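Values quoted throughout were computed directly from the atomic coordinates according to the rules given, and no laboratory measurement underlies them. Since the structure is predicted, the reported quantities are computational estimates derived from the model, not experimental observations. Every residue, glycine as well, gets a Cβ built from its backbone with ideal geometry; the counts of neighbours run over all protein chains shown.
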Amino acid sequence: MQEIQGKENNKSVKDFKLNTLLEITNAINDNLPEEQLFILFEYILQNQLGIGKAVIFLNQDQVWQVVLQYNVNEKDLMINIEHELKKVTDISVLNTARNGSTSSFDVVIPIHHQSKPLAYLLLGDLDEQARKPSPIIKHLSFIQTLANITAVAVENKRLEREHLEQEKLMQELRMANQMQEMLLPKQLPDSDKLQISAYYKPHLEVGGDFYDVMEISKNETVICMADVSGKGISAALMMANFQAHLRANLKVESDLEVVMNNLNEVVWSNAFGDRYITCFIAKYDSKTRVLEYINAAHPAAQLIQNKRVYELGQGCVGLGMFEQIPTINKTSKVIAKNAAMLLYTDGITETSNDNEEQFQDGKMQEVLMGLSQFETKKMNSMLMEALDKFRGKNPYMDDVALISCRFF
């Protein structure tokens with residue numbers, strides 16, 4: 001009779017465990033929030049299995065968090081995971097005799113995911129003097145299974161959220177990259193008066209560098225090179241706004257000083273000093289051969305004529321640095337026949353070699369003197385070859401943008 005009753009009890013225990021596993025699995029499949037999963041797990045431990053006390057430490061983004069606790073005190077939660085539990089790789093009986101923060105617990109169950117510690121479940125009996133078998137020992141294997149299923153499910157939810165966030169970010173970056181490509185001019189002047197070629201290499205998928213070339217009259221061409229502080233989507237959006245206002249201003253205004261003041265108002269109103277734009281803008285009149293320019297804190301453009309290199313660095317502060325630009329120095333240069341001009345961003349001049357020397361430290365002008373006789377596309381490719389040779393195996397640390405101009 002006792003044997004039959006024992007078999008019936010064993011059957012009911014097996015049924016309970018199967019039903020409990022099914023309940024946990026259904027909760028996971030129904031996408032129950034992590035908090036609800038741990039509430040369900042706590043109910044099973046405390047009310048159905050009779051476990052006296054429990055706490056779960058879960059590794060969330062490299063920080064150990066308490067995600068389940070009952071019948072524990074403040075001392076029980078002050079366990080130093082790295083020091084006291086990190087070496088535990090299998091179910092272990094804790095030494096309750098020693099005076100440590102784990103001394104009130106009997107068993108620790110480590111949970112690993114992809115060979116890394118994911119969680120630790122600590123269990124303890126409230127009645128140490130009870131004569132009946134400890135429910136912890138009785139159901140240990142089952143508890144380990146439940147703990148693994150629950151903790152790994154929570155981790156998979158976190159990884160899925162992280163994946164979705166990365167996918168969303170990549171989609172936004174692709175959209176911003178497409179937006180940035182749309183901003184760059186598809187055709188550049190190539191005539192018997194003026195030839196222009198451009199090169200652009202973003203450091204990240206979306207950079208903050210920008211260039212534009214606009215013919216505003218039969219004889220006048222405006223050339224602009226700019227760099228937004230910061231990177232990513234916000235920099236691309238700011239640059240799109242900048243280009244729209246640049247083109248709108250140049251349709252009604254040819255005075256570069258007025259245009260720069262107007263653009264400064266736009267950048268300031270959008271960023272309030274949190275971001276700024278460095279900018280070099282020049283207007284070339286092919287009839288008078290006069291080049292007017294303003295440099296707003298941008299790397300100096302290089303004008304190569306009469307076997308000399310001239311740095312075009314005068315102008316004003318960066319756009320958006322102040323609510324109003326203090327002073328603007330607009331400068332004019334008469335351009336000789338077959339002269340060349342290069343505009344670029346600091347991704348070129350600040351590229352370093354193995355000796356931590358920057359390309360601008362005397363190397364730039366040396367290279368430029370050997371380029372001026374070539375067509376503009378060749379000038380760009382030769383400069384980039386010289387830059388790659390200079391930097392060696394050192395990576396680019398910023399976007400690289402380059403415009404070469406030849407004045408015939």
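Between the Cα long axis of helix 232-252 and the first principal axis of the chain there is an angle of about 30°, rounded to the nearest 10. Summarising the amide proton neighbourhood of residue 107: residues at separation of 5 or more, or on other chains, whose placed amide H is nearer than 5 Å comprise 94, 123. Computed from Cα atoms alone, the Kirkwood hydrodynamic radius reported for the stretch 2-162 is 16.6 Å.
Based on Cα contacts under 8 Å between residues 6+ apart, the chain shows a relative contact order of 12 percent.
The ranking of 82, 375, 42 from fewest to most other beta carbons within 10 Å of each one's beta carbon is 82, 375, 42. Note on residue 283: aspartates and glutamates with a C-alpha under 17 Å away, same-chain residues under 8 apart excluded, are 190, 212, 215, 220, 253, 255, 257, 292, 311.
Where the convex hull is taken over the Cα atoms of the chain, what is its projected area averaged over directions, in nm²?
Taking the Cα atoms of the chain, their convex hull projects to 29.5 nm² on average.
Of the residues 320, 334, 353, the one whose Cα sits farthest toward the positive end of the charge dipole of the stretch 314-385, with +1 on the Cβ of Lys and Arg and -1 on the Cβ of Asp and Glu, is 334. Exposure proxy ranking for 254, 404, based on other Cβ atoms within 10 angstrom of each Cβ and starting from the fewest, stands as 254, 404. Which one of 38, 242, 16 has the biggest mean-square fluctuation once the chain is modelled by GNM with Cα springs under 10 Å? Highest fluctuation of the listed residues: 16. Charged neighbours of residue 333, selected by a Cβ distance under 10 Å, balance to 0 (K, R count +1; D, E count -1). Placing unit charges on the Cβ atoms only, positive for Lys and Arg and negative for Asp and Glu, gives the chain a dipole magnitude near 860 debye about its Cα centre.
Per DSSP H run of at least 4 residues, take -39500 (n - 2.57); add these up for the chain, divide by its residues and hand me the 222 nm value, nearest 500 deg cm²/dmol. One gets -12500 deg cm²/dmol as the mean residue ellipticity at 222 nm.
Each of 186, 389, 17 has some number of other Cβ atoms within 10 Å of its Cβ, and from fewest to most they run 186, 389, 17.
Within the shell of other residues whose beta carbon sits under 10 angstrom from the beta carbon of residue 320, the net charge comes to -2, with Lys and Arg scored +1 and Asp and Glu -1.
Angle of helix 2-29 to the longest C-alpha principal axis of the chain, folded into 0 to 90 degrees and rounded to 10: 10°. For the chain, modelled as a GNM with alpha-carbon contacts under 10 angstrom, which of 300, 235, 147 fluctuates the most? Greatest mean-square fluctuation among the candidates belongs to 147. Measuring between their Cα centroids, the stretch 265-327 and the stretch 12-64 lie 64 Å from each other.
Cross-link pairs exceeding 21 Å in C-alpha to C-alpha distance, out of 193/337; 193/218; 53/157; 201/333; 186/378, comprise 53/157; 201/333.
Taking Cβ atoms as reference points and 13 Å as the exclusive limit, the residues near residue 260 contribute a net charge of -3, counting Lys and Arg as +1 and Asp and Glu as -1.
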